[in-house]
Amino acid sequence: MKTITLGQSGVTVPPMFLGTWAWGDKIFWNYGDSYGEEQLEAAFSAAVNAGVTFFDTAEVYGFGLSEELLGKFMKQTSQHVQIATKFGPSPWRWNSKSVLEALTNSLNRLQLERIELYQVHWPFTFFLSQKTLLNTLANEVHKGRIGAIGVSNYSASQMRKAHKILAARGIPLAVNQTRYSLLTRKIETNGILQTARDLDVTILAYSPLAQGLLTGKYTPAYKPTGARTIDPRFSQDGLNKIVPVLSLLRKIGEKYDRTPAQVALNWLIAQGNVIPIAGVKNAEQVNQNVGALGWNMTKDELQEIDQITQPWKN
């Protein structure tokens, strides 16, 4: 499988990550209701067998359970698996010691001695300065407990500041994990994507299927439930708006025997230096997402998709 290097970090990864926010999370994803550890282990095995061996998690996912499950599953395979996790700069974390404790706790839950990619989950560090935080992480890169440093949800200016702090230590900023999909293209107009290219920082695209809107599962007749009832994108007007987009994705997908979701993920990969993080809860979802790999659309098809989704740049 083709690999991608995360910025200038030297860490090479598959062209897709699998997201594990739902692994152990009962608040947003109802873990233990319609799925549980058995389904997640099957998803892990399906991914590894398909060659998608990089998993993105965070200490807050399932209050640590996501990391624990990954640690358990990794012990049951002989294949090389890479992990990205995230540090949450909460108000009570105000010094380097608290950063080191969080890193150690994640390593223990994952049963690892080294985390390939360690990311700052959000840019608001409260009483902990960016300089202290990033210099502490830089020390851990030199010690070997972290392979590469990334950020998440950072603006263009915040990326530049983080990049400058790390560069002074001889360490590249590897990634910025941010929301990006055909229906969320603001990073193309607010400076984030261009800054990433200028600094050679890889974009990790979370929510690449726009909470499922790009799967074609939701139609204008859909009656939203739960959190979707307050999301205007799932209103009748919102779903009507994306009908032309889904029609085009289906049309192109038929040519390649692919689903709309696979076309949408493939488009992101085709942007270059962008890696989608596809969330999964079972083996079927893994196999669906992996279908986005190993094929290419024509330049005209990519431009056609680009044109029809222009409204979502704002």
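Brief remarks on what is shown
- Subset of the stretch 100-159 (residues that are within 22 Å of the chain's Cα centre (by Cα) and of a type in the set (Ser, Thr, Tyr)): 106, 118, 125, 152, 154, 155, 157
- Whichever residue in the stretch 12-37 is open to solvent by 10 Å² or more (accessible area, probe 1.4 Å) and among the β-branched types (Val, Ile, Thr) and, among such residues, is farthest from residue 81 (Cα to Cα): 27
- For first residues located in the stretch 122-145 and within 12 Å of residue 98 (Cβ to Cβ), partners that are in a helix (DSSP H, G or I) and open to solvent by 40 Å² or more (accessible area, probe 1.4 Å) and lie 6+ apart or on another chain with Cβ distances below 6 Å form the pairs 132/96; 136/96.
- Checking each residue of the stretch 124-137 against the condition of being aliphatic (A, V, I, L, M), farther than 30 Å from residue 43 by Cα, at pLDDT 95 or above and in contact with a Leu (Cβ under 6 Å, 6 or more places away or on another chain) gives at least one match.
- Residues that are in contact (Cβ under 8 Å) with a residue 24 or more places away in the chain and of a type in the set (Asp, Glu), drawn from the stretch 27-65: 37, 41, 56, 59
- Every listed requirement among (1) free of Cβ contacts under 8 Å to residues at least 12 places away in the same chain; (2) at positive phi is met by residue 216 save one, (1).
- Subset of the stretch 83-98 (residues that are open to solvent by less than 20 Å² (accessible area, probe 1.4 Å) and either closer than 15 Å to residue 118 by Cα or outside any loop (DSSP other than H, G, I, E, B) (or both)): 83, 84, 85, 86, 87, 88, 89, 98
- Flag for residue 284 being open to solvent by 60 Å² or more (accessible area, probe 1.4 Å), at pLDDT 95 or above and farther than 29 Å from residue 20 by Cβ: no
- Residue in the stretch 56-80 that is least open to solvent (accessible area, probe 1.4 Å), counting only those that are assigned to a helix (DSSP H, G or I) and of a type in the set (Asp, Glu): 67
- Among the candidates 211, 310, the residue that is modelled with pLDDT under 95, under 30 Å from residue 151 (Cβ atoms) and either within 23 Å of the chain's Cα centre (by Cα) or surrounded by fewer than 22 Cβ atoms within 10 Å (Cβ to Cβ) (or both) is uniquely 211.
- The conditions of being at pLDDT 90 or above, under 19 Å from residue 29 (Cβ atoms) and open to solvent by 50 Å² or more (accessible area, probe 1.4 Å) are not met by residue 218.
- The condition of being open to solvent by 10 Å² or more (accessible area, probe 1.4 Å), at negative phi and in contact with a helix residue (DSSP H, G or I) (Cβ under 9 Å, 6 or more places away or on another chain) holds for residue 46.
- Annotation note: of 53, 5, the sole residue that is under 29 Å from residue 271 (Cα atoms), at pLDDT 95 or above, open to solvent by 50 Å² or more (accessible area, probe 1.4 Å) and not acidic (Asp, Glu) is 5.
- Residues that are under 19 Å from the mean Cα position of the chain (by Cα) and closer than 20 Å to residue 256 by Cα occur at least once in the stretch 293-301.
The values are calculated or read from the model by the stated rules, or taken from the named source; none is laboratory data. All figures in this text were calculated on a predicted structure; none of them were measured in a lab. Note: ideal-geometry Cβ built from the backbone for every residue, glycine included; neighbour counts use all protein chains shown. These accessible areas exclude ligands, DNA and RNA; they are computed on the full protein's heavy atoms, side chains included. Shrake-Rupley method; radii C 1.70, N 1.55, O 1.52, S 1.80 Å.
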